[in-house]
1. Round to the nearest 10 and give me the degree value, 0 to 90, for the angle of helix 109-122's Cα axis relative to the longest principal axis of the chain.
2. Counting pairs of Cα atoms in the stretch 238-354, how many percent are more than 20 Å apart?
3. Could you let me know the centre-to-centre spacing of the stretch 114-156 and the stretch 241-260, using Cα atoms, in angstrom?
4. Could you work out Rg/(2.2 N^0.38 Å) for the stretch 76-140, with Rg from alpha carbons only?
5. If you average 1/r over all unlike Cα pairs in the chain and invert the result, what Kirkwood radius do you get in angstrom?
6. Full extension from ILE241 to MET104: what is 0.36 nm times the residue separation minus their Cα-Cα distance, to one decimal in nm?
7. Please rank SER25, SER239, SER250, SER278, fewest neighbouring Cβ atoms within 10 Å first, as an exposure proxy.
8. Give the calculated FRET efficiency between ASP340 and GLU197 to the nearest 0.05, with a Förster radius of 45 Å applied to their Cβ-Cβ distance.
Amino acid sequence: MTDALVEMRHVTKRYGPVVAVEDISLSIRRGEFLVLLGPSGSGKTTILSILGGFTAPTEGGVFIDGRDVTGLPPARRPTVTVFQDYALFPHMTVEQNVAFGLEMRGVGREARRKLVAQALATVGLDGYGARRIHELSGGQRQRVALARAIVVEPAVLLLDEPLGALDLKIRQQMQDELVRLQKTLHATFVHVTHDQEEAMSIADNVVLVNKGRIEDYGPPERVYLQPATLFAATFMGDSNILAGRVAAASGGDLRIETGIGALTCAGRADAGASVHVSVRPEKLRLGLATGETGAVALGTGRVTELVFQGTHCRCRIRMDGGGTELLARVPLEVEIAVGDATGLHARAADLILLRD
């Protein structure tokens, strides 16, 4: 049996002349927590809608557990979708909302009662069955929507920005709850969000979507620390992007001329090619690279901005020569002030060559 539970094969969706999704091929493992991440209008919700059967692809197919479900409506697919507004029935109690899908499937009353009780216990809502929806907080309503989804034991749970309406503290709590729930159920979750921090907190793998295409795919730490493309580097958190030209290429190493001088970076490109190099702010180190194995000197500059951010200081440094500004995250124990001169260096492994 293949480990892939869900497959999208060369899926394209057009709305007249507009291409919302272009030639997407994607494989989702059993028990995986996959996050579709991207800006508004990138196509991520369209992908989720195609998986759930709410939108038909113009080309390509969707397969779940080896079965072609491309032409099946939502009710006949082994998927359940949790929407951002939760789509709960306000005239029903919590118990009635959770039982609704079971009743539609012809499950008997006593069996429904037991299954609903188990689902509410799983999401931490024991004793809430008799309450009305208007009596619940936003976080509790989100849990009811999750209970209604998991009670029918779908093969795939699809979540369309379900945390978007919650405030920051509740959203962070619910991120932890989603991960706990997914691991407890050993279920396959596909979650849509535009929030990079949320994606990195919950995902086994991130699919970064831009203009209807997949820009990057992989574990969140890899996508963040070693982005594949220029878009991935700029969308996934802060990054210093240096434009340059390849002066020489040898043995998998490139010598690149940039606005702060010549840098050596691992990668492959032709001599003379225009490229970009990314280095994350937390990977920059103050001081000269004297005696450190694998360190690359980036030059010297002067601090123009220093902002306290709790766990670190956000530091802007204008480099000598061309005036390029770099952003660094400086540990609180480092003593530095606006106007100070400093050297900068980084590990060679933290200089990432990007595809445009």
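1. The helix 109-122 is inclined about 20 degrees to the chain.
2. Within the stretch 238-354, distances greater than 20 Å cover 40 percent of Cα pairs.
3. 55 Å
4. Scaled against compact globular proteins, the figure is 1.11.
5. Details: mean 1/r = 0.0435 Å⁻¹.
Taking every pair of different Cα atoms in the chain, averaging 1/r and inverting gives 23.0 Å.
6. Details: separation 137, 0.36 × 137 = 49.32 nm, distance 5.38 nm.
Gain on extension, ILE241 to MET104, equals 43.9 nm.
7. Values: SER25 11, SER239 20, SER250 8, SER278 24.
Sorted ascending by nearby Cβ count, the order is SER250, SER25, SER239, SER278.
8. Values: r = 30 Å, r/R0 = 0.68.
Working from the Cβ atoms, E equals 0.90.
We did not get these values from a lab; they are worked out from the coordinates using the rules stated. Nothing here was measured: the structure is a model prediction, and the numbers come from that model. Backbone-built Cβ (ideal geometry, glycine too); neighbour counts: all protein chains shown.
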